[in-house]
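Only one structure is covered here, and it is reproduced in the block below.
The values are calculated or read from the model by the stated rules, or taken from the named source; none is laboratory data. Because the structure is predicted, anything quoted here is derived from the model rather than measured. Using ideal geometry, Cβ is built from the backbone for each residue, glycine included, and neighbour counts are taken over all protein chains shown. Only protein heavy atoms, including side chains, enter the accessible area calculation; ligands, DNA and RNA are left aside. Shrake-Rupley method; radii C 1.70, N 1.55, O 1.52, S 1.80 Å.
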Amino acid sequence: MKSFTYEKVNSPAAAATAGSTTGSAKFIAGGTNLLDLTKLEIETSAHLIDVNGLGLDKIEPTAEGGLRIGALVRNTALAADERVRRDYGLLSRALLAGASGQLRNKATTAGNLLQRTRCPYFYDTNQPCNKRTPGSGCSAIGGVARSLAVIGASEACIATHPSDMAVAMRALDATVETVGPDARTRAIAIADFHRLPGDTSMDLAQAQAAPGVLAIVTADNAGKSARAVTIRRSCSAGRRLSTITRP
Amino acid sequence: MHEGSSVTTIEGLGTPENLHPMQAAFIKHDGYQCGYCTPGQICSAVAVLDEIKSGVPSHVSGSLTTAPEFSAAELRERMSGNICRRGAYSNIVEAVTEVAGRPA
């Protein structure tokens, strides 16, 4: 039994401050990935920062004709939003293709983007894994790897990011808005948000602390639904060919 | 994470004297064997019908821009997060279909 401390914060900047000052701290929103990993003691956070209730659960139109999707918008709400269904069909389809209703009801937009890159061997703590313990080796390489990365992997790790939503966001060239402890916001192109592992192990690529995500902003996509359908099909058939690592 | 939240469990859905229609339908259609998964199956089934009614699409919905309609395929997809070790699925589908007001 590992004990941990828990705090609820009242602003995004306070969350970013708590995340940067407390060692081994993790944000918790839906908890759909963090709780699984914690039960297996793969994640052993000493401190949890509850970011629920920060008002980041709105989907708002932008002046440029796009949408600003709050970090805490649940996957079900995003997939069911009338504007998303009409103008961003691939986003709805990508979300609905993943997990189960119960998970989508809890999982958040930011949590979906920031879930751990993983593979079955990462979850099996009896197996060596360079992601869990850098330098211990990779059981996936040469193992049952049919659903793992073919391109964009490293010699240390062939795990893939499991998010279908991230692939749709990348196809839409979305922008991720983050906030730091100084309350300053930054805009990061989704193409730069998830990184390839290069020649390092995934664990090194992921060592950088997760930013406090505020929202994801999409460009105007009205009238482009035909393109969306094409991309959606290629997403579901070939998503395992892509691998992305979160920062 | 749920401090201050209101959570409805199977006990809050109905009572032995005053069953929720979904509970009654599960009994009528024998939608369980050991009963271990039954509270979750019933709570999910009630939520699934609400979600269809409120227009939430699913992976098997043909169109994203028209309201989803109840069907066996929709039900199977939407209930796929609830696993029954004993395989009572066909009777569960019959029970939920009856509550949805459609012929099985």
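Checking A:Arg93, A:Arg118 one by one, the residue that is within 14 Å of chain B (Cβ to nearest Cβ), open to solvent by 10 Å² or more (accessible area, probe 1.4 Å) and among the charged types (D, E, K, R) is A:Arg93 and no other. Tell me whether region A:186-195 contains one or more residues that are within 14 Å of A:Thr109 (Cβ to Cβ), β-branched (Val, Ile, Thr) and at pLDDT 55 or above. The answer is yes, given that some residue of region A:186-195 is within 14 Å of A:Thr109 (Cβ to Cβ), β-branched (Val, Ile, Thr) and at pLDDT 55 or above. Residues in region B:30-43 that are open to solvent by 20 Å² or more (accessible area, probe 1.4 Å) and in contact (Cβ under 8 Å) with a residue 40 or more places away in the chain: 7 in all. The helices (runs of 4 or more DSSP H) falling completely within region B:1-89 that include 2 or more residues that are closer than 30 Å to A:Gly53 by Cβ map to B:10-13, B:38-53.
When the residues of region A:99-114 are filtered to those that are open to solvent by less than 30 Å² (accessible area, probe 1.4 Å) and more than 15 Å from B:Val56 (Cα to Cα), the one that is farthest from the other protein chains (Cβ to nearest Cβ) is A:Leu113. Looking at region A:114-150, which of the residues that are of a type in the set (Gly, Ala, Ser) and at pLDDT below 90 is nearest to A:Thr178 (Cα to Cα)? Among those that are of a type in the set (Gly, Ala, Ser) and at pLDDT below 90, it is A:Ala149.
To keep it simple, each residue is scored yes or no on (1) of a type in the set (A, V, I, L, M); (2) at pLDDT 95 or above; (3) open to solvent by less than 80 Å² (accessible area, probe 1.4 Å); (4) touching a Ser or Thr at 6+ places or on another chain (Cβ under 8 Å).
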site: B:Leu19; (1), (2), (3), (4): yes, yes, yes, no
site: B:Lys28; (1), (2), (3), (4): no, yes, no, no
site: B:Ala45; (1), (2), (3), (4): yes, yes, yes, no
site: B:Asn91; (1), (2), (3), (4): no, yes, yes, no
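Scanning region A:123-136 for residues that are surrounded by 24 or more Cβ atoms within 10 Å (Cβ to Cβ) and outside any loop (DSSP other than H, G, I, E, B) turns up just one, A:Cys129. Of the candidates A:Ala77, A:Ala99, the single residue that is within 30 Å of B:Ala45 (Cβ to Cβ), among the aliphatic types (A, V, I, L, M) and part of a loop (DSSP other than H, G, I, E, B) is A:Ala99. The residue list A:Arg68, A:Arg83, A:Arg93 contains one member that is part of a strand (DSSP E or B) and modelled with pLDDT of 90 or more, which is A:Arg68. Before we move on, is A:Asp87 without any contact (Cβ under 8 Å) to a residue 60 or more places away in the chain and out of contact with any Ser or Thr (no Cβ under 7 Å at 6 or more places or on another chain)? Taking the combined requirement at face value, the residue does not satisfy it. In the set A:Ala168, A:Ala140, A:Ala149, A:Ala145, only one residue is buried (at least 17 other Cβ atoms within 10 Å of the Cβ) and part of a helix (DSSP H, G or I); that residue is A:Ala168.
When B:Lys53, B:Lys28 are screened for being within 14 Å of chain A (Cβ to nearest Cβ) and charged (D, E, K, R), only B:Lys53 passes.
Yes/no per residue for (1) surrounded by 18 or more Cβ atoms within 10 Å (Cβ to Cβ); (2) away from chain A (no Cβ under 14 Å); (3) touching a residue at least 40 places away in the same chain (Cβ under 8 Å):
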residue	(1), (2), (3)
B:Leu49	yes, no, yes
B:Ser61	yes, no, no
B:Met79	yes, no, no
B:Arg86	no, yes, yes
B:Thr97	yes, yes, no
